[in-house]
Amino acid sequence: MTPSVRARRRASALIVTAVMAATGIGTACSEVGLGPNEAAAIELDPFPSPSVVVGDTLRNIDGVVTPVRARVFNVRGDVIDDAAPRYLYADFNIDSALAIDSATGVVVAKKLVSGDKRIAARIGGSLQVLRGIRVVTRPDSVDGTSLTDVLGTSLPDTGRRGLDSNSTKALTVTVRHLEATAVTGVRSWPVRFELLNPVNPTNDTTAAAYLIDDQGRASTLDTTDDSGVAGRRVRVRALRFPGGADTESVVVRATVTYRGKPLKGSPVRITAPVRRGSGSS
């Protein structure tokens, strides 16, 4: 399925909801236009980062200031290119955590608060969509701990793409904020992972090893939890993994940046010992 088809299907779902509301089937009242340049639905694109540092502007993972963006659709599911959605901080009546330029979508974090804070994109009088973001402390450093338990892979290896006995435990790093009196983990911060041994820069799932998330899906990007920890597992294909009866280490590199510059300790190299099995699983 192409990205344009997926976008149309998402837009169609939003439009159905809006039409139901406008015709009295739902509980809300929405203004749904029927012309090619009349708004029938609005959708917020994924944010450039899951968090924004207090005192700073929202940036993408490479450190470039990046506004939030919304797309507006007509009743056919086509994007209205010249639509001008407005952006606002939806929780303004609770706190002053965020300031948002209503025209450009540039977001600035003003105050450190807990929990998701909602950004809204609006078109017309009543079509609106919300998405949450976190305000976090500045990331300063990162470190990681290598695994010591040997993963003994099992044969035959079915080659199943998922989390199984031929997968390591999570290789993790911790992103920290440094204060004069305390060190705390930074939550909701993106971390990039790359498999260095066996080398797999594109995370090819047909290779001898590749990176996966906790659900067994191929993934090279994680977001830190509330303790500042992020990680990825390594899925090993036993028949292709080198070493035989000897122990070979998989090596993962984790890279963490802020404003486009590596944190202290980044990149981090973390390892896990693996021994290729020879018996039945």
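The values are calculated or read from the model by the stated rules, or taken from the named source; none is laboratory data. For clarity, every value in this text was computed on a predicted model and none was experimentally measured. Methodologically, a virtual Cβ is constructed for each residue, glycine included, from the backbone with ideal geometry; neighbour enumeration extends over all protein chains shown. Note: areas computed on protein heavy atoms with side chains; ligands, DNA, RNA excluded. Shrake-Rupley method; radii C 1.70, N 1.55, O 1.52, S 1.80 Å.
I'd like to verify a number: residues in the range 57-78 that are open to solvent by less than 40 Å² (accessible area, probe 1.4 Å) and touching a residue at least 24 places away in the same chain (Cβ under 8 Å), how many?
11
Residues VAL229, VAL236: which one is at pLDDT below 95 and of a type outside the set (Gly, Ala, Ser)?
Every option except VAL236 fails the conditions.
Of the residues VAL274, VAL186, which single one is surrounded by 18 or more Cβ atoms within 10 Å (Cβ to Cβ) and more than 24 Å from the chain's Cα centre (by Cα)?
From the options VAL274, VAL186, the qualifying one is VAL274.
I'd like the full set of residues that are touching a residue at least 60 places away in the same chain (Cβ under 8 Å) and either assigned to a strand (DSSP E or B) or farther than 16 Å from LEU221 by Cα (or both), limited to the range 170-185.
LEU171, THR172, VAL173, VAL175
If ARG138 meets every condition in (1) crowded, with 19+ Cβ neighbours inside 10 Å; (2) in contact (Cβ under 8 Å) with a residue 40 or more places away in the chain apart from one, which number is that one?
Status for ARG138: all satisfied but (1).
I need the full set of residues from the range 79-105 which are at negative phi, outside any strand (DSSP E or B) and surrounded by 16 or more Cβ atoms within 10 Å (Cβ to Cβ), in order please.
Selection gives ILE80, ALA83, PRO85, ALA90, ASP91, ALA97.
Is there a residue in the range 158-177 that is of a type outside the set (Val, Ile, Thr), over 21 Å from ASP204 (Cα atoms) and open to solvent by less than 50 Å² (accessible area, probe 1.4 Å)?
Yes: one or more hits.
Taking only pairs six or more apart or across chains, which ones have beta-carbon atoms under 6 Å, a first residue in the range 141-152 that is in contact (Cβ under 8 Å) with a residue 24 or more places away in the chain, and a second residue that is part of a loop (DSSP other than H, G, I, E, B) and aromatic (Phe, Trp, Tyr)?
As it stands, the answer is none, since no pair meets every condition given.
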